[in-house]
Amino acid sequence: MTAATPYTPPQKEIRFVLDHLAGMADVAALPGFEDASPDMVDSILGEAAKIAENVLAPLNRIGDIQGAKLGTDGVAHTAEGWGVAWQALVEGGWNGLPFDPAHGGMGLPNLLNTAVQEMWHSANMAFALCPMLTQGAVNAVQLYGSEALKDLYLPRMISGEWTGTMNITEPQAGSDLAATRSRAVPNGDHYLVTGQKIFITYGDHDLTENIVHLVLARLPDAPAGVKGISLFVVPKFLVEPDGSLGARNQVKCVSLEHKLGIHGSPTAVLSFGDEGGAAGFLVGEPNRGLEYMFTMMNHARLNVAMQGLAIAERAYQQALAYARDRVQGKPLGWSEGQSKGIVNHPDVRRLLMGMKARIEAMRGILYTAAAAVDVAHHHADEAARDRAALLVDLLTPIAKGWCTETGQQLASDSVQVHGGMGFIEETGAAQHLRDARITTIYEGTTAIQANDLINRKILRDGGVTANRLLDEIAALGGELSGHADDALRVTGAELVSAVHEARQAIAWVLTAAKQDPRLPAAASVTLLELMGVVAGGWQLARAAKVAVGRLAEGDADTAFLSAKPLTAHFYATHVLPKAAALRATVINGSASVMALSEEQLFGAA
Ligand SMILES: Cc1cc2nc3c(=O)[nH]c(=O)nc-3n(C[C@H](O)[C@H](O)[C@H](O)COP(=O)(O)OP(=O)(O)OC[C@H]3O[C@@H](n4cnc5c(N)ncnc54)[C@H](O)[C@@H]3O)c2cc1C
């Protein structure tokens with residue numbers, strides 16, 4: 001078998017963003033995070049990095065080659081070594097990092113958990129999906145479950161003894177959850193759940209003795225559409241009042257999907273209640289399931305956005321190592337004593353810088369959003385909580401859409417840097433591209449994120465929140481455009497221009513929606529990209545400003561810090577100018593998508 005490619009967690013980069021862009025110290029000072037001392041944060045990051053590098057990364061290739069397989073015993077068996085890796089997470093209490101100590105969690109910030117998740121997703125995305133979904137399920141039960149449900153399920157889900165899943169998709173209900181058909185009929189103290197769910201990540205596996213499925217289903221008298229969907233806990237094995245495992249519930253893994261990537265992650269077709277009904281336990285109130293499930297989905301959306309960053313980081317590390325090693329002729333301007341690696345060919349440098357800059361932009365966006373999640377839940381001041389919640393709401397579709405589309409592009413650029421060897425499976429570069437491909441699809445496709453951005457995040461408040469964020473970005477751009485440092489000056493000026501383009505695009509959306517809702521819908525993904533480009537520039541400008549300031553104060557880490565304004569300059573000159581073209585497409589492009597009939601555009605069916 002081919003050797004696994006190494007992964008080195010970028011701890012210094014992560015630390016810089018945590019401390020200087022996301023405000024780790026401020027987050028740690030919020031009520032409830034008393035245990036998040038600087039020593040604790042250091043120790044968590046260091047230990048998580050070791051697990052990522054030494055335990056999870058070596059299994060990435062094994063998972064890709066062996067995949068998960070449904071055995072004759074009806075159980076989905078994971079690849080070699082995955083069970084041992086899961087046990088390592090359970091023993092370290094890693095699953096409980098952000099959760100309430102009352103149920104066995106560590107009570108640490110979501111921001112810190114985000115940094116841990118980045119490293120684990122980079123190391124092995126197919127594996128990291130399992131803790132990610134389990135954490136999402138814990139969130140939903142913690143927020144909306146009865147005390148009895150919490151007492152019975154949370155301790156073992158938080159410890160990782162049991163895992164969690166998210167059961168939404170059905171054959172006819174993918175993006176359109178109003179079409180959900182699974183049913184739940186009252187039966188004494190529980191419900192009998194019947195139906196089929198497809199594409200369920202870690203829907204079955206051999207890592208733990210029980211699996212807690214969170215399932216969307218309709219009650220018999222439920223109204224049609226999304227307002228008639230309820231949420232149920234349906235365990236694989238029933239749980240006795242003392243917490244011990246009881247009878248096998250009627251949840252059957254019918255098959256596992258054969259997929260383009262993330263082979264190590266079992267994607268299950270699950271059948272519920274083949275012999276009358278699986279025992280399910282209502283979470284919260286009837287008919288509010290979708291609202292509750294959005295708790296899981298929003299958590300998952302930011303985490304899938306993180307997968308875009310994580311896979312790009314892994315692909316970048318591999319591309320950079322290859323480019324330093326591979327020699328093809330003498331790079332232009334080469335002189336004796338210099339490396340002849342293709343890393344010194346101008347276009348390979350462009351590709352690698354494009355990866356590096358976008359990776360840092362994504363990390364800035366995601367850690368800023370993660371810190372805002374903590375503020376939204378923990379700040380003592382209600383107004384501060386509300387402001388942070390609005391920022392999270394706005395950034396979630398932008399982060400999910402832009403970071404996953406970008407992650408995919410960068411995984412492809414990594415293949416390009418490898419040349420033909422990138423297309424050959426043995427190098428591992430191709431796996432990153434295959435694994436990245438799902439990220440723009442699950443947890444809501446890019447189009448669904450863009451619909452959310454336009455309808456709920458822009459049209460609903462007349463563009464107020466989006467324009468408020470743009471005001472903040474423009475203020476930073478204006479400040480930097482007068483700076484003595486050349487790179488900061490260019491970055492500031494380009495940022496101001498890009499914000500101007502975004503404002504025009506938003507103004508058009510607000511007007512066009514009144515004429516015909518199809519017009520902004522046709523422009524929505526382009527607008528999302530434009531907002532992503534601007535948000536990325538914002539974060540790189542913030543990083544560059546901090547770095548230049550620290551250098552001026554005499555910080556001796558010149559190699560690391562002086563790269564920041566150069567990276568921002570690269571982004572400002574290669575990515576931010578795309579804002580003008582994106583704005584033009586938003587404003588002028590919808591007509592060619594929507595003006596003619598289906599037959600006129602594509603011919604007769
Ligand atoms: C590997 C994998 C793992 C998954 N894990 C889970 C899981 O754990 N739990 C779970 O419940 N589901 C899971 N899913 C399902 C996943 O969330 C869906 O595949 C996804 O939501 C898209 O639904 P769909 O496949 O039915 O595509 P469709 O909804 O049929 O979409 C097809 C195309 O139409 C577009 N489209 C659809 N509606 C609109 C619209 N209103 N506006 C604009 N464009 C639109 C989409 O953007 C897409 O391009 C997983 C899927 C895969 C492949």
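Read-outs throughout are calculated quantities, based only on the coordinates presented, and are distinct from any laboratory measurement. Owing to the predicted nature of the structure, the values given are computational and were not obtained by experimental measurement. Here Cβ is always computed from backbone atoms with ideal geometry, including for glycine, and neighbour counts include all displayed protein chains.
Tell me, what is the FRET efficiency for Asp242 and Arg15 to the nearest 0.05, using R0 = 45 angstrom and their Cβ-Cβ distance as r?
With a Förster radius of 45 Å, E is 0.55.
Looking at the chain, identify the longest residue range that excludes and avoids all trypsin sites (Lys or Arg not before Pro) in DSSP loops having at most 15 other Cβ atoms within 10 Å. Write out the running numbers ahead of the final one.
On the way: sites that count: Arg181, Lys340, Arg460.
Longest stretch, sites excluded: 1-180.
Lysines within cross-link reach of Lys400: Cα-Cα under 28 Å, excluding same-chain residues under 8 positions apart?
Lys12, Lys50, Lys197, Lys227, Lys259, Lys356, Lys457, Lys514, Lys545, Lys564, Lys578
How far apart, in nm, are the 7 Å Cα→Cβ label points at Asp221 and Leu143?
If labels sit at Asp221 and Leu143, their model points lie 2.8 nm apart.
I'd like the distance between the alpha-carbon centres of region 30-73 and region 253-275, rounded to an integer number of Å.
Cα centroid to Cα centroid, the span is 24 Å.
Region 255-337: which GluC sites (Glu not before Pro) are DSSP loop and have at most 10 other beta-carbon atoms within 10 angstrom?
Of the GluC sites (Glu not before Pro), the ones in loops of region 255-337 whose Cβ has at most 10 other Cβ atoms within 10 Å are Glu275, Glu336.
Set the Förster distance to 41 Å, then compute FRET efficiency between Ser255 and Asp557 from the Cβ-Cβ distance, nearest 0.05. All intermediate terms of the calculation are to be shown ahead of the outcome.
Values: r = 53 Å, r/R0 = 1.29.
The value I calculate is 0.20.
Note the full-extension length gain between Ser335 and Asp189 as 0.36 nm times their separation in residues minus their Cα-Cα distance, in nm to one decimal.
44.6 nm
First select every other residue whose beta carbon is under 12 angstrom from the beta carbon of His418; then total the charges, Lys and Arg +1, Asp and Glu -1. Please report the intermediate quantities before stating the final value.
Values: positive: Arg326; negative: Asp325, Asp413, Glu425, Glu426.
Here the count lands on -3.
Find how many whole Å separate the alpha carbon centroid of region 386-428 from the alpha carbon centroid of region 488-518.
23
Between Thr511 and Lys578, 0.36 nm times their residue separation minus their Cα-Cα distance comes to what?
The span from Thr511 to Lys578 would gain 21.8 nm if fully extended.
Which distance in nm do the two modelled labels at Ala383 and Gln328 give, with both placed 7 Å along the Cα-to-Cβ direction?
The answer from the label model is 5.8 nm.
Dividing the alpha-carbon Rg of region 434-549 by 2.2 N^0.38 Å yields what?
Ratio of Rg to 2.2 N^0.38 Å for region 434-549: 1.20.
Tell me the angle of helix 346-378 to the major Cα principal axis of the chain, expressed in degrees between 0 and 90 and rounded to the nearest ten.
50
Given a Förster radius of 41 Å and the C-beta distance between Ala591 and Met421 as r, what FRET efficiency does 1/(1 + (r/R0)^6) yield to the nearest 0.05?
After rounding to 0.05, the efficiency reads 0.40.
What Kirkwood hydrodynamic radius, in Å, does region 482-597 give when the mean of 1/r is taken over all pairs of distinct Cα atoms and then inverted?
15.4
Helix-only estimate, please: 222 nm mean residue ellipticity of the chain, summing -39500 (n - 2.57) across DSSP H runs of length 4 or more and dividing by its residues, to the nearest 500.
Only helices count here, giving -18000 deg cm²/dmol.
Short version: ³J(HN,Hα) in whole Hz for each residue of region 314-321, in order, from phi by Karplus 6.51 cos²θ - 1.76 cosθ + 1.60 (θ = phi - 60°), x for Gly and Pro, what are they?
In residue order, the calculated couplings are 4, 5, 5, 4, 5, 5, 5, 4 Hz.
Are there GluC sites (Glu not before Pro) in region 523-605 that DSSP puts in a loop and that have at most 16 other Cβ atoms within 10 Å, and which ones? If you can, show how the numbers build up before the last one.
Numbers: sites: Glu529, Glu553, Glu598, Glu599; in loops: Glu553.
Those that pass, being in a loop and sparsely packed, are Glu553.
With all distinct Cα pairs included, what does the Kirkwood hydrodynamic radius of region 31-96 come out to in Å, to one decimal, could you say?
Working: mean 1/r = 0.0713 Å⁻¹.
By the Kirkwood definition, the hydrodynamic radius is 14.0 Å.
Around Gly164, which amide H atoms from residues at least 5 apart in sequence, or from another chain, sit under 5 Å from its own amide H, with H modelled in the peptide plane?
Thr134, Val212
Just to check I understand the Karplus step: with θ = phi - 60° and J = 6.51 cos²θ - 1.76 cosθ + 1.60, what whole-Hz values come out for region 296-313, glycine and proline as x?
So the J values, rounded to whole Hz, are 5, 5, 5, 4, 5, 4, 5, 6, 5, 4, 4, 4, x, 5, 5, 6, 5, 4.
Kindly put Trp508, Trp86, Trp538, Trp120 in sequence by how many other C-beta atoms sit within 10 Å of each C-beta, fewest to most.
Arranged by neighbour count, lowest to highest, Trp508, Trp86, Trp538, Trp120 become Trp508, Trp86, Trp538, Trp120.
Once the Cα atoms of the chain are picked out, what are the Rg and Dmax in Å?
Computed over the Cα atoms of the chain, radius of gyration and Dmax are 24.3, 83 Å.
List the residues whose amide H sits under 5 Å from the amide H of Asn187, counting only those 5 or more places along or on another chain, with H placed 1.01 Å from N in the peptide plane.
Amide H to amide H, under 5 Å and 5 or more residues apart or across chains, Asn187 pairs with Leu192.
So what are the ³J(HN,Hα) numbers for region 259-266, from phi and the Karplus equation (6.51, -1.76, 1.60; θ = phi - 60°), rounded to whole Hz, Gly and Pro as x?
Once rounded to whole Hz, the list reads 10, 5, x, 5, 4, x, 8, x.
What ranking do Cys403, Cys253 get, fewest neighbouring Cβ atoms within 10 angstrom at the top?
Arranged by neighbour count, lowest to highest, Cys403, Cys253 become Cys253, Cys403.
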